[in-house]
Amino acid sequence: MVLEKKSALLEDLIKKCGGCAVVDGGFATQLEIHGAAINDPLWSAVSLIKNPELIKRVHMEYLEAGADIVVTSSYQATIPGFLSRGLSIEESESLLQKSVELAVEARDRFWEKVSKVSGHSYNRALVAASIGSYGAYLADGSEYSGHYGENVSLDKLKDFHRRRLQVLVEAGPDLLAFETIPNKLEAQACVELLEEEKVQIPAWICFTSVDGEKAPSGESFEECLEPLNKSNNIYALTKKAIVVYPNSGEVWDGKAKQWLPSQCFGDDEFEMFATKWRDLGAKLIGGCCRTTPSTINAISRDLKRR
């Protein structure tokens with residue numbers, strides 16, 4: 001019953017948005033724009049420790065830009081990662097909970113403000129708790145290769161994700177977002193974990209890809225989506241709702257330690273592609289690394305105009 005109610009929230013939001021809702025954009029990018037130092041194994045999650053108010057500010061900026069779904073700052077927030085910084089298990093779990101609380105507080109504050117304004121074009125946003133891949137925790141780029149090594153089994157991946165999932169679910173998000181999953185094995189681990197834990201919150205699983213046909217592991221999307229289609233929790237070949245939120249197309253120059261300009265995407269191109277993705281069946285569209293509130297504003301304007 002709870003899962004049905006939570007699923008209805010997403011389905012109702014998509015309907016209110018005319019068939020396609022807008023997800024927010026790059027979180028770490030916006031933190032850096034505001035001066036946050038995130039060159040850290042915890043990446044954007046380090047701001048949960050150092051500057052939680054800045055996290056709330058970024059959520060507000062994406063809500064103002066027209067995001068219908070805000071994703072929490074927990075992508076690289078893991079209990080092992082926090083423990084490695086000398087935090088206790090209790091402190092680590094509290095930070096995971098805080099990631100959801102900050103997003104909910106921002107959403108509620110924003111909605112309280114705009115709901116008093118007649119004729120506004122906003123929707124009451126949903127909060128999706130981000131669950132980064134095992135490779136994101138390793139911080140070695142393996143979320144972009146899918147190569148975890150022979151010692152990483154299905155059970156090891158489930159054990160890695162289990163407690164973080166439990167804590168995030170207890171914090172009360174509207175959705176769960178498993179992000180940058182690079183192979184079928186981890187997708188299967190996420191699906192089985194949702195079932196084992198009897199999670200009553202709808203979830204999406206997104207894969208990284210460079211060619212639009214295969215996951216980084218080399219497995220086809222058709223292979224990777226097999227376990228997803230068997231789950232009642234998962235929203236993406238599939239008969240379920242599809243979420244699309246690519247990065248900006250910028251390339252990281254490891255020698256110069258800087259981002260090189262995108263050769264394929266700017267806000268104008270995002271607008272154009274957003275409508276194409278929607279017309280091809282995408283139900284949730286946003287941006288990932290190096291996209292900003294201006295990107296999301298462009299997507300929101302275009303999708304809501306047509």
Single condition His120 does not satisfy, out of (1) crowded, with 22+ Cβ neighbours inside 10 Å; (2) in contact with a helix residue (DSSP H, G or I) (Cβ under 9 Å, 6 or more places away or on another chain): (1)
Matching residues in segment 36-61 - criterion: being open to solvent by less than 10 Å² (accessible area, probe 1.4 Å), among the aliphatic types (A, V, I, L, M) and modelled with pLDDT of 95 or more: Leu48, Ile55, Val58
Near pairs, Cβ below 8 angstrom, 6+ apart or cross-chain, from segment 180-193 (small (Gly, Ala, Ser)) to any residue that is in a helix (DSSP H, G or I) and open to solvent by 10 Å² or more (accessible area, probe 1.4 Å): Ala187/Pro227; Ala189/Leu154; Ala189/Lys158
Top-ranked residue of segment 190-214 - restricted to ones that are under 18 Å from the mean Cα position of the chain (by Cα) and not hydrophobic (A, V, I, L, M, F, W, C), ranked as farthest from Leu3 (Cα to Cα): Ser209
Residue within segment 62-78 that is farther than 22 Å from Tyr245 by Cα and open to solvent by less than 40 Å² (accessible area, probe 1.4 Å) present: yes
Residue in segment 16-29 that is nearest to Ala106 (Cα to Cα), counting only those that are surrounded by fewer than 23 Cβ atoms within 10 Å (Cβ to Cβ) and touching a helix residue (DSSP H, G or I) at 6+ places or on another chain (Cβ under 8 Å): Ala28
Strands (runs of 3 or more DSSP E) lying entirely in segment 198-306 (those with 3 or more residues that are modelled with pLDDT under 90): 251-253, 258-260
Subset of segment 123-145 that is open to solvent by 70 Å² or more (accessible area, probe 1.4 Å) and either farther than 28 Å from Gln166 by Cβ or part of a loop (DSSP other than H, G, I, E, B) (or both) - its residue that is modelled with the lowest pLDDT: Asp140
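The values are calculated or read from the model by the stated rules, or taken from the named source; none is laboratory data. Because the structure is predicted, anything quoted here is derived from the model rather than measured. Counting neighbours? That spans all protein chains shown, and the Cβs are built from the backbone with ideal geometry, glycine included. Quick note on the areas: whole protein, heavy atoms, side chains included, nothing else; ligands and nucleic acids left out. Shrake-Rupley method; radii C 1.70, N 1.55, O 1.52, S 1.80 Å.
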